[in-house]
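Working notes, structure below.
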Amino acid sequence: MDDNEYPPEQDRRPHTHLDRHFTSGGNTYQLTATGTGDERIRLTLAGRSPGGEVVSEISGGIPPADLPAVAEALTTTLEGLATLRAARRPRGPATRPKRYPNRGARWSPEDDERLIARHREGAPERALMEEFGRSRGGIRARLESLGELPPPPEPDTPGYPPDPDTLAAAS
C-alpha cells in the first residue's frame, strides 16, 4: 500500500458526500457530489420523467479550488439559456389578448359613417384605433378608400415618404 493511501476504516481525510433529490416540472432530479480531501469532487446530476425516462444528465469532476468559478459559470450560463428559451416559447392565442379585435373584419356601412364623422370632428388616430378596434394602418386605409385621406404617393414619386406637415394639411 502506498503511503498516501489509507484503508477505508483508517482514512481520516475530510469526506464530501452530498445527495440531493428534488422535483421540478414533474421531473425528479438527483444531484450527487462525492470527494475526499483535495481530490476532484465527482458530480452527477440526473433528471427523470414521471415514467422513469432520463431527461437530463450531466457528470464530471471538479477540483475543490475551481468550485467558485465553475459554480458561477454554470449558474450564469444556465440562467441565460433558460431566459432565452422562455423568450422563444410561442404564446397561444388564448393567453394573448387581441390588440385590435376587429382587425381583418369587414367594415359595416354604419362604421364607415361613424368613422367619417369622427375623423371630420378631428378625433386623434389613437382614439379611432381604440374606438373601432383597428390598427393605425387599418384606420388610414379605410379613410383613404372613403376619400377622406389622399392615397400615399408611389415610392418613386418626388416627396416620398410624405412630409408629416403635408399629411396634416390633407386631413
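Any read-out appearing in this document is the output of simple, stated calculations on the displayed coordinates, not a laboratory observation. Since the model is a prediction, treat every value here as computed from it, not as a measurement. Positions of Cβ are generated from backbone atoms using ideal geometry, with glycine treated the same way; all protein chains shown enter the neighbour counts.
Ordering 52-64, 34-46 by mean Cβ neighbour count within 10 Å, with the highest value first, yields 34-46, 52-64.
Counting only other residues whose beta carbon sits under 14 Å from that of Ala82, what net charge do I get with K and R as +1, D and E as -1?
My count for the surroundings of Ala82 gives +2.
Close amide H contacts of Thr36 (hydrogens built in the peptide plane, cut-off under 5 Å, sequence separation of 5 or more or a different chain): Thr16.
Please give me the summed charge of the neighbours of Ala117: other residues whose Cβ is under 12 Å from its Cβ, Lys and Arg +1, Asp and Glu -1.
On the way: positive: Arg114, Arg118, Arg120; negative: Glu110, Asp111, Asp112, Glu113, Glu121, Glu131, Glu148.
Charge balance in the 12 Å sphere: -4.
The Cα atoms of region 101-150 give a gyration tensor whose axes a ≥ b ≥ c have a/c under 1.5, which makes the shape rounded. Pairs of alpha-carbon atoms within less than 8 angstrom and 6+ residues apart define the contacts here; what relative contact order does region 14-64 have, in percent? Dividing the mean separation by the residue count of region 14-64 yields 30 percent. Residue by residue, region 71-76 carries 3J(HN,Hα) couplings of 4, 5, 4, 5, 4, 5 Hz when phi is fed to the Karplus relation 6.51 cos²θ - 1.76 cosθ + 1.60 (θ = phi - 60°); x denotes Gly or Pro.
Summarised in one figure, the compactness ratio Rg/Rh of region 14-64, Cα atoms and Kirkwood Rh, is 1.08. Around the amide H of Val55, modelled in the peptide plane, lie the amide H atoms of Gly47, Arg48, Ser49, all under 5 Å away and 5 or more residues distant in sequence or on another chain.
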